[in-house]
Amino acid sequence: MMAEVIEGSVERITFANEENGYSVIKVKVPGRKEPVSVVGNFVSVTPGEVLRMEGSWGFHARFGEQFKVDRYETTAPDSVQGMGKYLGSGLIKGIGPIMAERIVGRFGTSTLEVIDSTPDRLLEVDGIGAYRLDQIRKAWEDQKDIRQLMIFLRGHGVSAAFAARIFKHYGKASLEVVKENPYRLAMDVSGIGFLTADQIAQRLGIPLDSPLRAEGGITYVVHQATEEGHVCVPRSWLLEQCQKLLEIPRTILEQALVRQVVEQRLTKETLPPETAAIFGDGEAVYLRGYYLAETQAAKRLMHLAAFLPMQTKLDPEKAITWLRQKLPFKLAALQEQAVRQALTEKILIITGGPGTGKTTLVRAVLAIFRQMDARVCLAAPTGRAAKRLSEATRYPASTLHRLLEYSPHLGGFQRNEQRPLTADLVIVDEASMLDILLMHHLLKAIPSHATLVLVGDVDQLPAVGPGNVLLDTISSKKFAVVRLTEIFRQAQQSEIVINAHLVREGKFPHLRTDPESPQDFYFIEKEEPEEVLEIILRLCTDRIPARFGFDAMEDIQVLTPMHRGIIGAQRLNKELQNALNPRGASLERGGSLIRIGDKVMQTRNNYDKDVFNGDLGRIRKIEMESQEVSVEIDGRLVTYDFSELDELVLAYAVTVHKAQGSEYPAVVFPLSTQHYMMLQRNLLYTAMTRARKLAVIVGSKKALAIAVRNNQIQKRFTLLRERLMGLL
């Protein structure tokens, strides 16, 4: 059967899936009164473009007559109207519908030729000055390169959605990089994993047993391990995982590993017998940066501990007597012991659950050091934790990144061994969130005479980043540790606090089900995930705001163990968005919809924008002409280019891991046997302790019991403890 051919200009894009290119578009075809519905796989078509399409007519039961495209060609718009639609569609950053109308009004059908060949003539258009001209010229060149890259990627079966990310990283060299070594994409470009890079490589004809593929696979597996919290991996485990992934001979992998070590992308360390027995292998493999971070962190901790504290002449007992008279509250015996150690030890670790007085103890230590006119630095890993610390101590606190003066333009942290902090005491709260890289940079900046106090809850989930710094430093037994266990009278009134401690001890929490009794902890029993989802929607939209006065968007946070599933973060976000923010200006990117007013979360550290993994914000503006989205984060507006939106996700519901270091007035937590793989005690404990005034668990008692009993903490490959103990 001969393919039919139709030609027409694109009126609008009804639907476009960026991942696979499948689109539904409306095309104005000469001789037809109404636009034709066209379906097929397209690479970044734009309203106003003229398409010549080969395919066949069909009929959809719901949408009626459609033209199904097999092949197509694009040409520039051939009319003034089409030209205006093409330019005003958001194709070129800096040109919106109004400016497009002015440009086309001046140059007519010669518009694209003018932009391409003599762009300076755009200065003839009212509203275009030198700055906007440069912006348009660059955007025009970039979109031509991106479109060329899109066509190449689609020709090799790869989603055109990746083109903007690749171009952002490599610029005009993008096509050359992809052709030369597509495995670089897996390490360099966010969202492109090894499997996608491997798919491109196979279509380019790179052999399955190519050294490039072996090296790319090895680096990818080590990098993925760091994403899961490991600092290093056993060599035998690494090779085994690579064999499963790549299905190539072990000898080729071993040779590739040697090359990666020689080229200093990876570091391989031979372990002494005692350490090898603990680690499970005789050799550990690191990404080079993580090896330097772990070895240097261990050395600096021991170096710092060896120096005498500045307050050697101070009598601890006199200081305690002064505190008793000065403070408006009484310290418990264990807290007084901790104060003594803060005055005599160079490194002190304070750990304990909610309501055990960690913040009170920090205030006491702070009072003595300030009385000595000591220079004090207070910090925490996240903005929210720093703000909470500052409010509790009434002393300025900052994020660690701000304390260490991170500058992407100057190349990293500006506070280091050459320019240390001006501090006699450094207190870091929420220390369970410290990963090995951040700990390394912190220790580089602490002067030798200073005292370091780490405060955190070691029973919470470990840091999102690689390592288990707080647990490793405690279990090395090289530093003074105070574990606070007594729940103070005020906290004893909180069911959240009482139940959190019961869970931490492996005991079943108190489940009071009387909805009329005033309390701050509720359990709503529902067995089926669909029922859990329905209750959560009702709680967030109606029941909690009506009864407790909490704002549905600002005060209530849904936490969940997993991303996927009926009550995973993805589905919950979609349902909660529709329930809480159903209308308003919106933008579709990568198959997901964002609206003005949406609650969003930053998913990775972005030092240029001074926003970090886990930061929450609200979308305030969507600018189609400038292709930018403005997000309010911690009281300031942060601007994202459309190509950067993969850094944001909806945050009506977030995973418990992403909520570390944050507290919310009200937390709703689904718990189902559907989450079986994630039902762990420290995850449940962390979720409960994120709630400040109200915690509601919705789910089954069986799932709750599984989580309480399961104290099998996933082992992280890290050798910080062994280094501190002198076993390496």
I'm trying to understand the selection: among the residues of segment 232-257, which are under 32 Å from the mean Cα position of the chain (by Cα) and either among the hydroxyl-bearing types (S, T, Y) or open to solvent by 50 Å² or more (accessible area, probe 1.4 Å) (or both)? R235, S236, W237, E240, Q241, Q243, K244, L245, E247
Here are some residues: A319, A297. Which one is open to solvent by less than 80 Å² (accessible area, probe 1.4 Å) and either assigned to a loop (DSSP other than H, G, I, E, B) or at pLDDT 95 or above (or both)? A297
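Across segment 462-474, which residue is farthest from V231 (Cα to Cα) among those that are of a type in the set (A, V, I, L, M) and buried (at least 23 other Cβ atoms within 10 Å of the Cβ)?
The first filter runs over segment 462-474 and keeps only residues of a type in the set (A, V, I, L, M), leaving 463-464, 469-471, 474.
If we keep only those that are buried (at least 23 other Cβ atoms within 10 Å of the Cβ) as well, we get 463, 469-470.
On the way: A463: 12, V469: 11, L470: 14 Å.
Across segment 462-474, the extreme among qualifying residues is L470.
Listed here are the residues, each with its yes/no results for (1) aliphatic (A, V, I, L, M); (2) in a loop (DSSP other than H, G, I, E, B); (3) within 23 Å of the chain's Cα centre (by Cα); (4) surrounded by 13 or more Cβ atoms within 10 Å (Cβ to Cβ).
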{"site": "V532", "(1), (2), (3), (4)": "yes, no, no, yes"}
{"site": "I536", "(1), (2), (3), (4)": "yes, no, no, yes"}
{"site": "P545", "(1), (2), (3), (4)": "no, no, no, yes"}
{"site": "D551", "(1), (2), (3), (4)": "no, yes, no, no"}
{"site": "R564", "(1), (2), (3), (4)": "no, yes, yes, no"}
{"site": "L572", "(1), (2), (3), (4)": "yes, no, yes, yes"}
{"site": "E588", "(1), (2), (3), (4)": "no, no, yes, yes"}
Residue hits (segment 601-615; open to solvent by less than 20 Å² (accessible area, probe 1.4 Å) and either basic (K, R) or part of a strand (DSSP E or B) (or both)) are M601, Q602, N606, V611
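Please tell me if K179 is free of Cβ contacts under 8 Å to residues at least 60 places away in the same chain, touching an Asp or Glu at 6+ places or on another chain (Cβ under 8 Å), in a helix (DSSP H, G or I) and closer than 30 Å to Q224 by Cα. Full working, then the answer.
Working: free of Cβ contacts under 8 Å to residues at least 60 places away in the same chain: yes; touching an Asp or Glu at 6+ places or on another chain (Cβ under 8 Å): no; in a helix (DSSP H, G or I): yes; closer than 30 Å to Q224 by Cα: yes.
No; evaluated as a whole, the condition is false for this residue.
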Confirm whether G383 is touching a residue at least 12 places away in the same chain (Cβ under 8 Å), closer than 26 Å to F488 by Cα and among the small types (G, A, S). no
The one condition S190 fails out of (1) at pLDDT below 95; (2) surrounded by fewer than 16 Cβ atoms within 10 Å (Cβ to Cβ); (3) assigned to a helix (DSSP H, G or I); (4) hydroxyl-bearing (S, T, Y) is (3)
Say we look at segment 382-400 and pick out the residues that are at pLDDT 90 or above and not small (G, A, S); which of these is surrounded by the most Cβ atoms within 10 Å (Cβ to Cβ)? L400
Could you grab me the full set of residues in segment 682-700 that are among the hydrophobic types (A, V, I, L, M, F, W, C) and farther than 17 Å from K507 by Cβ? A691, L694, V696, V698
Within segment 194-223, restricting attention to residues that are open to solvent by 10 Å² or more (accessible area, probe 1.4 Å) and without any contact (Cβ under 8 Å) to a residue 24 or more places away in the chain, which residue is nearest to L437 (Cα to Cα)? L195
Being open to solvent by 10 Å² or more (accessible area, probe 1.4 Å) and either basic (K, R) or outside any strand (DSSP E or B) (or both) is the filter here; which residues of segment 663-672 pass it? E663
Quick one: how many residues across segment 344-371 are in contact with a strand residue (DSSP E or B) (Cβ under 9 Å, 6 or more places away or on another chain), over 19 Å from T485 (Cα atoms) and open to solvent by 30 Å² or more (accessible area, probe 1.4 Å)? 3
Please verify whether E336 is at pLDDT below 95, assigned to a helix (DSSP H, G or I) and open to solvent by 50 Å² or more (accessible area, probe 1.4 Å), treating the condition exactly as stated. no
V497 - would you say it is modelled with pLDDT under 95, in contact with a Lys or Arg (Cβ under 9 Å, 6 or more places away or on another chain) and outside any loop (DSSP other than H, G, I, E, B)? no
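Before we move on, is Q241 more than 24 Å from L719 (Cα to Cα), out of contact with any Leu (no Cβ under 9 Å at 6 or more places or on another chain) and at pLDDT 95 or above?
Numbers: more than 24 Å from L719 (Cα to Cα): no; out of contact with any Leu (no Cβ under 9 Å at 6 or more places or on another chain): yes; at pLDDT 95 or above: yes.
No, not satisfied.
The values are calculated or read from the model by the stated rules, or taken from the named source; none is laboratory data. Predicted, not measured: the structure shown is a model, and the values here were computed from it. Every residue, glycine as well, gets a Cβ built from its backbone with ideal geometry; the counts of neighbours run over all protein chains shown. Ligands, DNA and RNA are stripped out before the accessible areas are found, and what is left, the full protein with its side chains, is counted by its heavy atoms. Shrake-Rupley method; radii C 1.70, N 1.55, O 1.52, S 1.80 Å.
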